[in-house]
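Encoded as structure tokens, the structure appears first; notes follow it.
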Amino acid sequence: MGDCREKTPGRVILATERLILREMTEEDLPALRSMLQDIEVMYAWEHAFSEEEVRQWLARMLFRYREYGCGYWLAVERNSGEAVGQIGLIPEEIEGRSHLGVGWMLRREFQHRGYATEGARGCLDFAFRVRKAGRVIADIRPENASSLRVAARLGMLRAGRYEKPVGDRIMVHDLFSVRDPRAEAPDRPPPSPEQRAELEQLLAPVVARFGGHLKVGCGGGSVVRADCFPAGTASRTELKNSLAELGFFPCGGTAREERFAETLRLPFRHDLVLHAADEAATCAAVASCHRQVREGYDRIATWIAGATPGSYGREALEAWIARLPAGISILELGCGWGRQTQLLLERGFRVTGVDFSGELLKLARRNAPGATFVQCDAAEFRSAERFGAVLAWDSLFHLAIGEHGAMLRRIASWLEPGGRLLLTGGVRPGIASGRMQNVEFPYSSPGRAGWEKLLPEAGLRIVSLTDDQPDHLVIVAERPGV
């Protein structure tokens, strides 16, 4: 049994048990013609190549070798030296993101012998070990059953679908991906805080819409892991459809812990696990978040009342007040130390202030003695009264990430028909933390797009969304009249 490596004209890239993969040269034009001009081989392209197209193909591969160090390589039988096809690594640009792809194309007489799987597996090893790629993708026509089977044998997971320009046509391709398994090795450096935050930010609008809570941490090695615990009221089908829009597709697990393949939107390794609805776990996570905020404000109440400029938010509040009917009753959620409450009383409104910090409410009662104050969590507030307006300035951003939709529905129920809401929130979706007076506070936001979905779903018509400072959105909405 010989080895044809010494007789090959192009630079050898790698070898497998039965194949050598090497760069192509002008001498390989006859082998290329046997593939590219065979309509049965080229059925996914929907046409056989002309002589000019064959030469353009070779020129494109030679350019890729020089520019990227990879491309389709000629796959040659080690024993016979005969070309069996093209297998290689291809730079891909999909929806504005760069990826490294693997592809294969075999001459008709060498198909169904396992060459495509063998050669592509060698390419994956080369990509991970030599090129240090973290992930390799494949894009395959949905009707290309044989290539779909190869992708499955390679352990590739579904990653979406897109419309690919091919010559002068647009062709639908399914996307698959596989990541370097060594990313999960315990000796790999852990994921960075920035990577965890990026995954949180991507998933935050989905969790905000469907409720529940999200935990993001290390999944082993360099892998970021997100655990999504949906609320019991969430439709699992709709939730999974929303995850699919982000590029997350189921890849195994159980009904209680369903695993999803990583999305191509993020360049680093990550896992997503969708858990069965667990109201007890969700309630515990939310209660912990609220307790942290309440205890934090109790500690810094006097400081924050003195440190906040009197002009902060005044312009937006005045513009909102100017459009309210005179003398209406206003519900202020997160009234704090009564800064806005005092202004509302001065303008002749009746105000009910709600806050769960006892220390802040002591100051509020002193600053705005004409208001009615209730100490409780806004999520637990009950009232038979309907209000002409609701104010929630810098209070909803302390909710846990899955609470925003439910809170907006509660607010809509408290408003009279035609009643107006003024609230603030983050422009970017995600979960964050910040410190005031060395006290840590959790923050979350569904983001601008999330607010634009959640408000109408709660029965509130958006009047305006305005950025008044970096990552600070001022939102005016109203409950439609009868």
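The values are calculated or read from the model by the stated rules, or taken from the named source; none is laboratory data. This one's a predicted model, so the numbers in the text were calculated from it and none came from an experiment. Reconstructed Cβ throughout: ideal geometry from the backbone, glycine too, with neighbour counts over all protein chains shown. Just so you know, the surface numbers come from the protein's heavy atoms only, side chains and all, with ligands and any DNA or RNA stripped out. Shrake-Rupley method; radii C 1.70, N 1.55, O 1.52, S 1.80 Å.
Brief remarks follow.
- Among the residues of this structure, residue 208 does not count as one that is open to solvent by less than 20 Å² (accessible area, probe 1.4 Å), of a type in the set (A, V, I, L, M), touching a residue at least 40 places away in the same chain (Cβ under 8 Å) and part of a loop (DSSP other than H, G, I, E, B).
- Residue match in region 137-146 (condition: touching a residue at least 60 places away in the same chain (Cβ under 8 Å) and under 23 Å from residue 17 (Cβ atoms)): no
- Yes/no for residue 52 being assigned to a helix (DSSP H, G or I), without any contact (Cβ under 8 Å) to a residue 60 or more places away in the chain and either in contact with a Pro (Cβ under 8 Å, 6 or more places away or on another chain) or among the basic types (Lys, Arg) (or both): no
- Selection count where residues are without any contact (Cβ under 8 Å) to a residue 60 or more places away in the chain and either on the phi > 0 side of the Ramachandran plot or not basic (Lys, Arg) (or both), scope region 419-442: 8
- Matching option when the condition is part of a helix (DSSP H, G or I), open to solvent by 60 Å² or more (accessible area, probe 1.4 Å) and aromatic (Phe, Trp, Tyr), among 320, 303: 303
- Test: residue 252 is at pLDDT below 95 and open to solvent by 20 Å² or more (accessible area, probe 1.4 Å): yes
- Evaluation of residue 312 against (1) under 20 Å from residue 416 (Cα atoms); (2) free of Cβ contacts under 8 Å to residues at least 24 places away in the same chain (one fails), failing number: (1)
- Of the residues making up region 181-200, those that are open to solvent by less than 70 Å² (accessible area, probe 1.4 Å) and part of a helix (DSSP H, G or I) are 183, 195, 197, 199, 200.
- So residue 31, is it over 41 Å from the mean Cα position of the chain (by Cα), part of a helix (DSSP H, G or I) and among the aliphatic types (A, V, I, L, M): yes
- Residues located in region 24-62, provided they are among the β-branched types (Val, Ile, Thr) and open to solvent by 60 Å² or more (accessible area, probe 1.4 Å): 39
Residue by residue, here is whether (1) modelled with pLDDT of 95 or more; (2) in contact with a His (Cβ under 8 Å, 6 or more places away or on another chain); (3) of a type in the set (Phe, Trp, Tyr) holds:
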residue: 380; (1), (2), (3): no, no, no
residue: 388; (1), (2), (3): yes, no, no
residue: 402; (1), (2), (3): no, yes, no
residue: 415; (1), (2), (3): yes, no, no
residue: 420; (1), (2), (3): yes, no, no
residue: 430; (1), (2), (3): no, no, no
residue: 434; (1), (2), (3): no, no, no
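- Hits in region 129-180 (condition: open to solvent by 60 Å² or more (accessible area, probe 1.4 Å), in a loop (DSSP other than H, G, I, E, B) and under 17 Å from residue 119 (Cβ atoms)): 130, 131
- Test result for residue 89, modelled with pLDDT of 95 or more, open to solvent by less than 80 Å² (accessible area, probe 1.4 Å), within 24 Å of residue 22 (Cβ to Cβ) and part of a strand (DSSP E or B): yes
Yes or no, residue by residue, for (1) of a type in the set (Gly, Ala, Ser); (2) under 27 Å from the mean Cα position of the chain (by Cα); (3) more than 19 Å from residue 151 (Cβ to Cβ):
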| position | (1), (2), (3) |
| --- | --- |
| 64 | no, no, yes |
| 68 | no, no, yes |
| 79 | no, no, yes |
| 86 | no, no, no |
| 92 | no, yes, no |
| 97 | no, yes, yes |
| 102 | no, yes, no |
| 108 | no, no, yes |
